[in-house]
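The values are calculated or read from the model by the stated rules, or taken from the named source; none is laboratory data. For clarity, every value in this text was computed on a predicted model and none was experimentally measured. Note: ideal-geometry Cβ built from the backbone for every residue, glycine included; neighbour counts use all protein chains shown. Keep in mind that these areas ignore ligands, DNA and RNA; they rest on the heavy atoms of the full protein, side chains included. Shrake-Rupley method; radii C 1.70, N 1.55, O 1.52, S 1.80 Å.
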Amino acid sequence: HETENLIRQHASNSRIERITKMTEEEKNYILENSDLVVIPSNYESFGIVAVEAMQKGCQIIASNVGGLTEVLQNAAVFFEAGNSIELAQRIRQSLNGETLRLKVDILEQGKKFDFQRMFKSFEIELY
């Protein structure tokens, strides 16, 4: 509830939207039309949202926690997990074009995570 209250209080006329449930088609539409994807996790073992955002070529700001730093590498701008001031600075910088990553680099990193290939390798290992 704290996040919703902060959004209502400080961003009443902004384009910020918190989404919790959606179809696959809705998710793809949102990622394809987003200026920025923010992943402020305190813990991530893998980061499937990060992979999906990379595969759509999205600019990403993410907390510097385990799975996200490994998955995203140079395809994102990182901030110290839990540091809301640094997160706000990174968002402002990204929206002003100061910390943009090249779309080709983001897409290239996203290609490393081909879910179909990954699932097939699990099938092979299981049988």
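The set of residues in region 40-56 that are touching a Gly at 6+ places or on another chain (Cβ under 7 Å) and open to solvent by less than 60 Å² (accessible area, probe 1.4 Å) comprises GLU44, GLY47, VAL51, MET54. For region 86-127, the candidate set comprises residues that are open to solvent by less than 100 Å² (accessible area, probe 1.4 Å) and of a type in the set (Lys, Arg); within that set, the residue that is modelled with the highest pLDDT is ARG90. Does at least one position in region 22-31 carry a residue that is open to solvent by less than 70 Å² (accessible area, probe 1.4 Å), closer than 21 Å to GLN116 by Cβ, in contact with a strand residue (DSSP E or B) (Cβ under 8 Å, 6 or more places away or on another chain) and at pLDDT 90 or above? Scanning region 22-31 turns up at least one residue that is open to solvent by less than 70 Å² (accessible area, probe 1.4 Å), closer than 21 Å to GLN116 by Cβ, in contact with a strand residue (DSSP E or B) (Cβ under 8 Å, 6 or more places away or on another chain) and at pLDDT 90 or above. Determine whether GLY82 is out of contact with any Cys (no Cβ under 8 Å at 6 or more places or on another chain), open to solvent by 40 Å² or more (accessible area, probe 1.4 Å) and on the phi > 0 side of the Ramachandran plot. So GLY82 fits the description; yes.
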